[in-house]
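Everything on this sheet refers to the single structure shown next.
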Amino acid sequence: MKKFVATFLSVLMSFSAVSALPETNASSAHNVSFKIVNGKDAVLSELKFSEQKKLKGPIEGRYNIIEIADNASKVKVVPEYYGRADVVSFWLLAAGLMCSPFFMFAGFLFDNPDNVPKMGKIKGNKYVYSAITSVDLPYCKKVGKNAFLNCKSLRTVNLPKCTALAKESLACCHNVTKLDIPECLVLDNPFGINTSDHIRYEAYEKLKELNAPKCTRVESRCFGGFVNLEKANLQSATSIGCEGFALCKSLKTISLNSCTEIQESAFKKCRSLRNIDLPNCKKIGRGAFEGCAKVKKLNAPKVTEIGAEAFGGFKCQEGEKVWFFPSDLEEVYVPNCNYIGENAFDGCKKLKKITVSHDCKFAKNALPDERVQNNKLEIVRV
């Protein structure tokens, strides 16, 4: 009997060891597939499922990843079993508790469907995603669409030479906290945000810091709903698209020294934003800063047009109850502004001074009526 048990356990252990062996192809050490180009460079074509926590170049110590292809991230499908495998596992575990730890070990082996793929019947599939937590690729210049799709454990992304981060390249990467892409030129919705779908508004709430100092354009809906985003470095951006940072309620500072246009609702309801300095901006779109209630000063010396409802407080509604939070805006400096749209500063109950061009036209209710009628608002034309 002892000889039989020993033989049985040795077979189980051998089977387990064989099943755990890695693939023998050239990329198995890093659980990726890649194509070598130019001798030292490589294009990563497949990021396989693995327990590997970090994706860091160079591959095998000699190949620099310069590009990540479209749809590189893969999903592992693990069959879930029931039937004889579960029964055998149960009795082995029970025997282990009563007799010997070796039986318990065998029970755990049987409890893993990967080790006994032909035992029992399949009851369904379990989808497992890459366990990767960080990406640090110093030579990567391009990241394709869905490259890191569903990498839900991913926390930090460092791509110091990446100039092209494709749309939806980080789709469903819910837990990314830092995105460092200092050479990226255009940001076109890398997280696949659709702000018209309110369910997804706060799906990507973990991102806290964005560093893209050379980015020249932020397309529509790029970071809408990133409720924990605190800091964004976009000092070279010339345009912020529609709803680009809408509902980023933790955003406190943003560098927009080169920005010439801020489109509709770009920073709508960014409640923590305090000062807005736009030295080169020429146009502020409709509702661009609506709901940015903590902003106290606007400095935009080159702005020629401010759209309707661009500034002001915000409303909160619960059923039939409505609460209105007025803006803290006290001073506006737009000496070249020729037109201010309807309700542009409606709700700015603390506005004390606004400087505009000598021929500036105000649309209906552009300024808070109460402040104007009570001579509490100084309008300076230059």
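Quick one: if the Förster radius is 25 Å, what FRET efficiency do SER250 and GLU320 give, using the C-beta to C-beta distance and rounding to 0.05? E between SER250 and GLU320, to the nearest 0.05, is 0.30.
Using a 7 Å offset from Cα along Cα-Cβ at THR304, what residues in segment 355-373 end up with backbone N under 20 Å from the label point? Flagged as within label range: 355-363. Computed from label points 7 Å out along Cα-Cβ, the spacing between GLN235 and VAL380 is 2.8 nm. Charge tally around CYS348: other residues with Cβ under 13 Å, Lys/Arg +1 each, Asp/Glu -1 each, net +1.
Between ASP359 and LYS208, the modelled label-to-label distance comes to 5.1 nm, taking each label 7 Å out from Cα in the direction of the beta carbon. Taking each of LYS208/LYS297; LYS206/LYS296; LYS178/LYS350; LYS208/LYS361 in turn, the alpha-carbon distance tops 30 angstrom for LYS178/LYS350; LYS208/LYS361. If R0 equals 45 Å, the separation of the Cβ atoms of THR260 and ASN64 corresponds to a calculated FRET efficiency of about 0.80. Summing +1 for each Lys or Arg and -1 for each Asp or Glu among the other residues whose beta-carbon sits under 10 angstrom from that of THR304 gives +2.
Counting Lys and Arg as +1 and Asp and Glu as -1 over every other residue whose Cβ lies under 12 Å from the Cβ of GLY241, the net charge comes to -3.
Coordinate-derived values only; no laboratory data. The structure presented is a predicted model; accordingly, all values stated were derived computationally and were not measured. Positions of Cβ are generated from backbone atoms using ideal geometry, with glycine treated the same way; all protein chains shown enter the neighbour counts.
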